[in-house]
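Right, one structure below, let's go through it.
The values are calculated or read from the model by the stated rules, or taken from the named source; none is laboratory data. Note that the structure is a prediction, hence the values are computed from the model and not measured. Cβ placement follows ideal geometry from the backbone for every residue including glycine, while neighbour counts extend to all protein chains displayed.
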Amino acid sequence: MKNVIHFGRIIIYGILFAITVSLYGFLHSHLLLMIMTLMAAAPVLSVLLAFYLRNKLSVRILAPESDVLRHSVSYVSLVVQNPSYIMSLDVKLKLHVQNLFYHTENSILVSLPTRMHGDSETMLPMRLTMNGAVQYTVEDLRVLDLLGFVELKKKVNLSAEVNVLPERNRKEQGSLSDFSGGFTETEENNKRGNDFSDVNDVREYIPGDRLMSIHWKLSAKRDILMVKDRVSMSDQQMVILTELAGSIEEVDDTISLTYHLCRSLIEEKIFVRLLWWSEGRSEFADNRLFSIDDLKDAFSRMYYDTIYADPEKTVAYMRSIKPELKAYVHVCQKEGKADAVIVEQE
Amino acid sequence: MPSLWNRNKKKVSGIALCPGISIDESFYEMKEKRLKTLFMKGVIVYLLSMGSIGCYLSAMDCEFSAITLNIILFFSAIGCAYLYYNRIVENVGYLFLFAAFFGAAILFRDYINSGFYAVVNDTLEEAAIYLDMEGMQQYNERISNRYLAVTIAMCFIGIVTNILLNVYISRRMQYIVAIVVVMTVNLVPLYFEHEPDTIYSLMLLTGITLTYIMKSGQHYKVHTTDQAFETDKKNNLKYVYNIRSVRQTLLLGVIYVILCVSVMSLAFPKDTYDGSFPDNKYKMATMETAANLFALGLAGLFNFYPNTGGLNGGTLGGVSSIHLDYNTDLTLHVTPYSYEPIYLKSFTGAVYLPYTNKWLSLSEEDEKNNAYEEDFLEDAYEKHEKYTAKGYMEVLNVEAPNAIYLPYYSPDHIKTVYYGSRATYEYYPRFAANTEEVPAHDIPEQYLDIPEENFSVIRNFCREAGFSGTDDEIIEQVAAYYQENIPYTIRPGATPRREDFINYFLSENKKGYCAHFASAATLIFRYMGIPARYVEGYAVSYNQIVDGELLNEDYGDYYDGYSELGKTGLVEVNITDADAHAWVEVYDDRYGWVVVDPTPAAGEEDTVDFWSAFQDFFDDGDTDNAEDDDQGVGGLRIGDDVMRIVAIAVLSVFFIALLILGIWVLVPRIRYAIAYHRAGINDRLVMQYNRYLRKVRKSEKPLQDKMNYREQIEYLTEQGMISMTEEEKEKFIDTLQEAGFSDREIAEADYAQAVEYLKQKEAKDRQKARNKRKD
C-alpha cells in the first residue's frame, strides 16, 4: 500500500525555509535562528509522529441496527481509536459501500479529526432506498502528518452489514389481481366453515373423528360409517414463488411485493412457503415462514443470492422440480410492475 | 420569499453513493461548535497580531502598557473572529465594527497619530544610531505622553491587524499572507540587531506554526451554514472544523515552539546574537540605501532632500514635540569673540495672528535689518572706540532652507544663502562692556500691539506673576518666572485645534519649547510696555564654538577689534537642527534692538506609568499641581472620573458577558423552538425524544452506549424511568421507529401517548423533589 507524498507543499515549505535561511544569513538574528530551527525540526517531527500515529490508530465500524426498513435512515458509526497522545487534523477512512444483492458499490473517503488519547466517532445517516444486504467496509485509513507532507496508509478491512427490508407501509403495493381473487375465495370458504382442504382418502370411522368428516352418502351405501380423510391444502395454496429476474429496480419492486404479501399472510396467521430460484445453487430456496422473524431470515438468505435475467425459467423449473405443488402464487413483473399471479400446475 | 434568517442558508441534499444507498441530508444537521471554533481562530489571530506588535515594540524599546494592549487585542481578535458566526452577524458586525473603529479613531486621533509617530521616531533614532547618521528628521508628536500615545496607537494598529488577519485566517487560513503581515515589519528591528522579547517571539512563532498546521490539516473553512461536514467534488466527506482537535493542535504547537525555543536559547543565548556577528558584505552594501531611506523616506531613494532646517518661518502650533535632527544644516566659519551665543537671525515676527498661530513680518527691510544699531557700532568701530570690533562670518548652506542667516549686527541683510552655496556676512558685535548708547529712533507701533484675543490672558498672567519695575527688571523677572514655573520640554504636546498657541501655553499647558517661551515673552514684554518682536534662527553656543574645528590660528581676515576671549582663531562650526531656536528682540532705549532669550534651560522629562497617564488624559493632563502633591502621599490614588470609567468598563464587560451567556443559552432554545414549530409530527416526536435522551444521558452514562430505540427504551424501562407494559413498550418503540425512519406520519394518539411516556420522568423527578422537601 503506497503512501502519498505531497510535493507541492514540500516545495512551498522549502521555499519558505530557504527565505528564512537567507534572511538569517543576512541579518544573523536570534529570532530568525529560532524560526529556522523550528522549520528545520518540524518536518522530521511531523513525519515521525505521523508514522507513530498510523501504527497506533485503529478503526471500528458499527451498524447498530442489523435490519432496517427500506427508505428509512439507518446509522453507520465510524470510530477512530487513538490510544496515543498525538493527534491528527486529518485522518481519512476509505469507506466502501456495497449492496451484496444487486452488486452495486462505491467508495468514498471520509475525513475525520482524530483527537489524542480517545475515540473520535462519526455517525453517518444512511438512507437506503433499495432492498438488499448493504455492506460497509473501511478498507484503509490514511494519516496526514501535521505539516501535510505525507499521507500514510494502513490496511484495515473492517465491515458491518445491514439488511434492508421492504418498508411496512408500502404505498404502491403493485398488482395483486389474481392473488386477491384467489385469496378472497379462501377466506370466504373459511367463513362458511370450510377448512380449505382436500379429500385424500376415505376410510372407516374411528372414534374421535369429526362428525362433519363423515361421508354420509358412502356410509349409507356400505352401512358402515365412513369418513373423508382430509389433507390440508394450505401448503399447496400458500406457496409464494418470487421472481428474482430483471433489472435491479424490477427485482426490488418484486421482492418488496413478496415481502408485503408474506407479511400480510403471516399476520393473518397463515402458513407461507416462500420459494425463489437460487442461481448460485441451481435449486429453489424453500423457506417456511411461521413468523415475521422467519420472513426476515428468509430475506437475509435471499440477499446472498443473485438476480438473473430470464424471468421465464423459474415457472418451468417449478413444473419440473416441484410438480407436487398444484398451485402457487408467482410474484413477478407483469406489464412493468410487480404482480402476484396464481399459477396452477397440471 | 425566504426570510432574512433563511436567505443565506444553502439547501442541502443527500449524497448518493450508489443506487439505493445515499447519505441522508440529515447528515448536514450535525453542527460545528462554531462559537468555540471561532474562539480558537481568534486566539490564533491574537497570537499573530500581539506577537507581531509586541516583537516590534519590545525590540525597539518602545514603552507601552503590555496588559492593556494584550487585553484589547485579545478581545478584538475574538470579536473579529466571531463576526464569521453567520452572514447576518458578519454584515452587521463589520458595519458596527467600522463605525465604532471610525468613531474611536476620530476621538483618539491625536493619540493614534502621536503614538504612531513616536514608534516611527524611535525607529528613526535606532536607525540613526545603527546607521551612524548624524541626525534624523523626525515626525511631530502631538501628545507629550508617549507611553499613553504609543499604547493607544498600537491598540488601533493591532485592531486593524486583527481585522486584516481575520479575513485571511478565519476564512482561508492564508499563512503566507499572515507571515508577510506579521514578519515584514519585524525585519526592521532585526536589521538594527535588536531582538524582541522572548514572550512575543513565542506568541509570534506559535501563531505562525498554528496557522501553517491548520492550513496543512485542511479543516478550517467557515461556511455560511455551521454544518459539521462538507463534501468535495468526488462526494468525499470532510469534517469542517473540530474544536477538540484544534485545541489539542494549539497545545501541541505551543509545546513544540516553547521546547524548540528553550533548547535553542540554552544552546545559543540571545545575548550573544546582539551584534556579535560581523556584518556581511551584503548587509553593508545596503546600509547606505537604508540610511537614505530612513532619513528621508522614499524620497531618499531618489536623492531628494526636503529639509526645512528646523525653522518654521513664524508658524506655531501643530507641533507637539521637537525632534533633534543632527544633520548639519549650516557650516559656519567664525572667529570666537564672546562667551555669549552667536545668534543667526532668519525670521522676525512683528504681528501675531491669534488662533492662526502665526507671526507675520512687517517688511523684509524692517525685519532683518537692525540698521541703527549696526550703523552705530560700525561708526564706533571705524572710530576705533573701545569694545568695538568688526568680523566676517562665512555661512555654508548644507541642508538648510534658502534664507538669510544674519549675525548681530550686520549690514548684509539681503544676502540669502542658497542651498549648497556659501555667503560671507560682515558684522559688528556688541559687547556687554560697551555702554555707549545708540541714538533713539522711531519704531513701528506694531511692536507694542497685543491682539485682543490674547490680551486678557497676558494681563492675568502678568498680574499673577507680579511683573513690575524697569525694563531690565521685567525682562529678568520674566526669564526667572519661566525658569521657575514653566518647564522646558521638547514634547509639550500640540496646541489643540481652535486654541490659541500663546493662550494655551500660558494658561493651560504651561510647558513648552523655545517658540512657546519667545512668543509669549514677546506679548508679555509688549504688555509691560517694552517693544518686542519674535525672532527665529540659529543660536550657536560658546561651547559649540569651542568644540568646532580650528581652521586657522591666523584670523586676521575674519576678525578685527576687541574680543572678550583674547586671541582665538578661525573655527568651523557645524550647525544642526538642534541649534534652531526662537528668541525675542526688545527695544532698549539705550542700545536699540537687543537679544533677549527667555527660554529656560531644559529639565528632565517626566516618565509616567500608563494608568497615571490615563488618569492624566481624563484629568486634562493637569497632574502637576499642588493639590495632587498634597494628596499623593502613601499609595495609589485614582480620580473619581477614572473610577467612574473603570466602573462603567467593568459593568460593560459584565453585561456583555451576561449578554453572551444569555445568547449562548437562549439561541439553542430559540432555534429548537423554531425547528419544533416548523417540524411535522414525526420530527416533533424525534426532537422531543432526543432532547429527553440528552437530558437523561447526563446522569445515565450507560445510556450513551445504547444506539437504537429498542436498546434505549429497554434500558429506560429497566431503570424505572419510564413505566409501561411489554405491549406498550413494543408500541412505543414502533411509534418511535416509524417517526424516525418512515415517511408515513404517526397517529396523533400515538404521538400523545409517546409524549406522555417522556413526561413520566419529569413528573417523577418533581414528585421526588416534593417528597424531599416534605422530609
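Could you give me the residue pairs with C-beta distances under 7 Å whose first residue belongs to the stretch B:24-37 and is more than 8 Å from every other protein chain (Cβ to nearest Cβ), whose second residue is part of a helix (DSSP H, G or I) wherever it lies, and which are 6+ apart or on separate chains? From residues that are more than 8 Å from every other protein chain (Cβ to nearest Cβ), the pairs are B:K33/B:I243; B:K36/B:I243; B:T37/B:I243; B:T37/B:V246. Of all the criteria given as (1) facing chain A (nearest Cβ under 9 Å); (2) surrounded by 17 or more Cβ atoms within 10 Å (Cβ to Cβ); (3) of a type in the set (D, E, K, R); (4) not in a helix (DSSP H, G or I), the one not satisfied by B:K234 is (2).
Among the residues of the stretch B:740-749, none qualifies, meaning not one is part of a helix (DSSP H, G or I), aromatic (F, W, Y) and touching a helix residue (DSSP H, G or I) at 6+ places or on another chain (Cβ under 8 Å). The listed residues are B:I474, B:I458, and the only one of them that is of a type in the set (V, I, T), within 39 Å of the chain's Cα centre (by Cα) and modelled with pLDDT of 90 or more turns out to be B:I458. The helices (runs of 4 or more DSSP H) located wholly in the stretch A:233-308 that include 3 or more residues which are of a type outside the set (D, E), touching a helix residue (DSSP H, G or I) at 6+ places or on another chain (Cβ under 8 Å) and modelled with pLDDT under 90 occupy A:248-267. Looking at (1) buried (at least 24 other Cβ atoms within 10 Å of the Cβ); (2) assigned to a helix (DSSP H, G or I); (3) more than 9 Å from chain A (Cβ to nearest Cβ), which is the only condition B:T209 fails? Single failed check for B:T209: (3).
Taking A:V156 as the residue in question, decide whether it is more than 9 Å from chain B (Cβ to nearest Cβ) and modelled with pLDDT of 90 or more.
On the way: more than 9 Å from chain B (Cβ to nearest Cβ): yes; modelled with pLDDT of 90 or more: yes.
Here the answer is yes, as A:V156 does meet what is asked.
Quick check, is A:M116 surrounded by 23 or more Cβ atoms within 10 Å (Cβ to Cβ) and either within 25 Å of B:D705 (Cα to Cα) or within 8 Å of chain B (Cβ to nearest Cβ) (or both)? No.
Whether any residue in the stretch B:485-506 is closer than 30 Å to B:T335 by Cβ and under 43 Å from the mean Cα position of the chain (by Cα) is what I want to check. Show your work before the answer.
Taking the stretch B:485-506 and keeping what is closer than 30 Å to B:T335 by Cβ, we get none.
Checked the stretch B:485-506: no residue is closer than 30 Å to B:T335 by Cβ and under 43 Å from the mean Cα position of the chain (by Cα).
Taking the numbered list (1) at the interface with chain A (Cβ under 7 Å from one of its Cβ atoms); (2) farther than 17 Å from B:M173 by Cβ; (3) without any contact (Cβ under 8 Å) to a residue 24 or more places away in the chain; (4) within 36 Å of the chain's Cα centre (by Cα) in turn, B:S216 passes all entries but (2). For the stretch A:77-94, the tally of residues that are facing another protein chain (nearest Cβ under 9 Å), surrounded by fewer than 23 Cβ atoms within 10 Å (Cβ to Cβ) and part of a strand (DSSP E or B) stands at 3. Could you figure out which of (1) within 8 Å of chain B (Cβ to nearest Cβ); (2) outside any strand (DSSP E or B) isn't true of A:L53? So the condition that A:L53 fails would be (1).
Counting only strands (runs of 3 or more DSSP E) that sit completely within the stretch B:510-580, those holding 1 or more residues that are under 30 Å from B:E484 (Cβ atoms) correspond to B:532-540, B:570-576. For beta carbons closer than 8 Å, sequence separation of 6+ or different chains, a first residue in the stretch A:257-269 that is in the same structural domain as A:N287 (by TED's automatic domain parsing) and of a type outside the set (A, V, I, L, M, F, W, C) and a second that is surrounded by 19 or more Cβ atoms within 10 Å (Cβ to Cβ) and in a helix (DSSP H, G or I), the qualifying pairs are A:Y259/A:L295; A:Y259/A:F299; A:R263/A:L295.
Yes/no matrix, rows are residues, columns are (1) outside any loop (DSSP other than H, G, I, E, B); (2) crowded, with 17+ Cβ neighbours inside 10 Å:
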| position | (1), (2) |
| --- | --- |
| B:H384 | no, no |
| B:T424 | yes, no |
| B:P439 | no, no |
| B:I450 | no, yes |
| B:A479 | yes, yes |
| B:Q483 | yes, no |
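Within the set B:M687, B:M721, B:M707, the sole residue that is touching a Lys or Arg at 6+ places or on another chain (Cβ under 8 Å) and in the same structural domain as B:E748 (by TED's automatic domain parsing) turns out to be B:M721.
In contact with a Lys or Arg (Cβ under 7 Å, 6 or more places away or on another chain), modelled with pLDDT of 90 or more, under 26 Å from B:S170 (Cβ atoms) and surrounded by 19 or more Cβ atoms within 10 Å (Cβ to Cβ): is that true of B:A77 in this structure?
no
Every listed requirement among (1) part of a loop (DSSP other than H, G, I, E, B); (2) facing chain B (nearest Cβ under 8 Å); (3) buried (at least 21 other Cβ atoms within 10 Å of the Cβ) is met by A:H71 save one, (3).
Taking each residue of the stretch B:740-756 that is farther than 19 Å from A:S74 by Cα and touching a residue at least 12 places away in the same chain (Cβ under 8 Å) and looking for partners that are part of a helix (DSSP H, G or I) and of a type in the set (V, I, T) with beta-carbon atoms closer than 7 Å, six or more apart or interchain, yields B:D750/B:T735; B:Y751/B:I681; B:A754/B:T735.
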